[in-house]
Amino acid sequence: MKRRNWKSRELYSRLLVPDIFLVRLDGRNFSRVLEGFEKPYDSKFAKAMVDCCREIMREFNACFAFTFSDEVTFLMRGIFGNRLEKIDSIIASEFSSRLSLRIGVPVGFDCRVIFARLDEISDYLAWRQDEAWRNHLNSYAFYTLLKEIGDRRKVQKFLEGKKSPELHEILHSRGINPAKTPTWQRRGILVYWKELEFEKEFGGKIVRFKRRKIVEDWNPPLFDSEEGKKFLKEIIEKWIT
Ligand SMILES: Nc1nc2c(ncn2[C@@H]2O[C@H](COP(=O)(O)OP(=O)(O)OP(=O)(O)O)[C@@H](O)[C@H]2O)c(=O)[nH]1
Ligand SMILES: [Mg+2]
């Protein structure tokens, strides 16, 4: 019997992304997956995320990774013939399998491509950094109240619709200053390629050479500040050339 042409039914395989693009992954169901981890933040989990970022950056020559909570954004270019389905599925599975091995439970990530021009990257990251800050306030307020009230639903109901100033007040009145928590919890972590200079002695002569290395910044600048924009511009320009 003659088969239908199934290859032609792979309708989405020809969707293409631009040469340079952002990819964002988000952990599926991580409120459950991370139940046994330290709350609201577990530095061991954050470290595992950062280690996976490093491996993905090396594997696919991504420019940087920005991560907080269970999400991560990479800046990438020219992989898999720019095919959207390939990019989304492979980056998600490579990241998920690596994190599963590191934290010892099976995890999955969704994955999406975001179109952004190079001069818009700092604005995109500032948007994600705002989200990191909102998450941070919510998480601290939630777990602080949970210790008092003991019932997750009641706490959720109490916090519903509360704006930043109210969350600040809840924390301050309990002796927690949300501006003094570790920076990575408020601003996220940036992983990027950096050119480092080395010196070595060869036959009595000091020889200087440069090498690209992946470094981690657990204390990144605010991406909508002048300092943050300049910092990102340098990283991106080095990667492009
Ligand atoms: N214990 C613990 N939980 C964390 C940590 N970082 C992130 N999480 C959890 O991960 C969740 C991430 O938020 P979401 O992505 O909105 O929630 P989700 O459960 O993953 O839901 P979906 O993404 O919609 O599947 C947070 O609500 C926290 O519960 C951490 O360091 N420690
Ligand atoms: Mg999630």
Select, from 82, 29, the only residue that is over 20 Å from residue 131 (Cβ atoms), among the polar types (S, T, N, Q) and out of contact with any helix residue (DSSP H, G or I) (no Cβ under 9 Å at 6 or more places or on another chain). 82
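Within the stretch 194-203, can one find any residue that is aliphatic (A, V, I, L, M) and either outside any helix (DSSP H, G or I) or touching a residue at least 60 places away in the same chain (Cβ under 8 Å) (or both)? First the steps, then the outcome.
As a first pass, look at the stretch 194-203 and keep what is aliphatic (A, V, I, L, M): 196.
Imposing the further condition that a residue be either outside any helix (DSSP H, G or I) or touching a residue at least 60 places away in the same chain (Cβ under 8 Å) (or both) reduces the set to 196.
Yes, the stretch 194-203 contains a residue that is aliphatic (A, V, I, L, M) and either outside any helix (DSSP H, G or I) or touching a residue at least 60 places away in the same chain (Cβ under 8 Å) (or both).
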For the stretch 62-113: of the residues being part of a strand (DSSP E or B) and over 16 Å from residue 188 (Cβ atoms), which is farthest from ligand 1 (Cβ to nearest atom)? 77
Output the number of the condition that residue 41 fails; it satisfies all remaining conditions of (1) assigned to a helix (DSSP H, G or I); (2) within 14 Å of ligand 1 (Cβ to nearest atom). (1)
Considering only residues that are in contact (Cβ under 8 Å) with a residue 60 or more places away in the chain and among the acidic types (Asp, Glu), which ones fall in the stretch 1-55? 19, 26
Within the stretch 120-148, how many residues turn out to be over 30 Å from residue 22 (Cβ atoms) and loosely packed, with under 13 Cβ neighbours inside 10 Å? 2
Given the conditions (1) out of contact with any Ser or Thr (no Cβ under 8 Å at 6 or more places or on another chain); (2) part of a helix (DSSP H, G or I); (3) under 27 Å from residue 20 (Cβ atoms), and given that residue 233 satisfies all but one, which numbered condition is not satisfied? (1)
Within the stretch 100-119, take every residue that is of a type in the set (Gly, Ala, Ser) and under 29 Å from residue 35 (Cβ atoms) and give me the one that is surrounded by the most Cβ atoms within 10 Å (Cβ to Cβ). 108
Restricting to the stretch 1-34, count the residues that are more than 11 Å from ligand 1 (Cβ to nearest atom) and of a type outside the set (A, V, I, L, M). 16
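Residues in the stretch 22-38 that are over 15 Å from the mean Cα position of the chain (by Cα) and assigned to a strand (DSSP E or B): how many? Steps first, please.
Of all residues in the stretch 22-38, those over 15 Å from the mean Cα position of the chain (by Cα) come to 29, 31-38.
Add one more test, that the residue is assigned to a strand (DSSP E or B), and what stays is none.
Residues meeting the conditions: 0.
Each reported figure results from applying straightforward, stated rules to the coordinates on display, with no laboratory input. For clarity, every value in this text was computed on a predicted model and none was experimentally measured. No Cβ is skipped: glycine too gets one built from the backbone with ideal geometry, and neighbour counts run over all protein chains shown.
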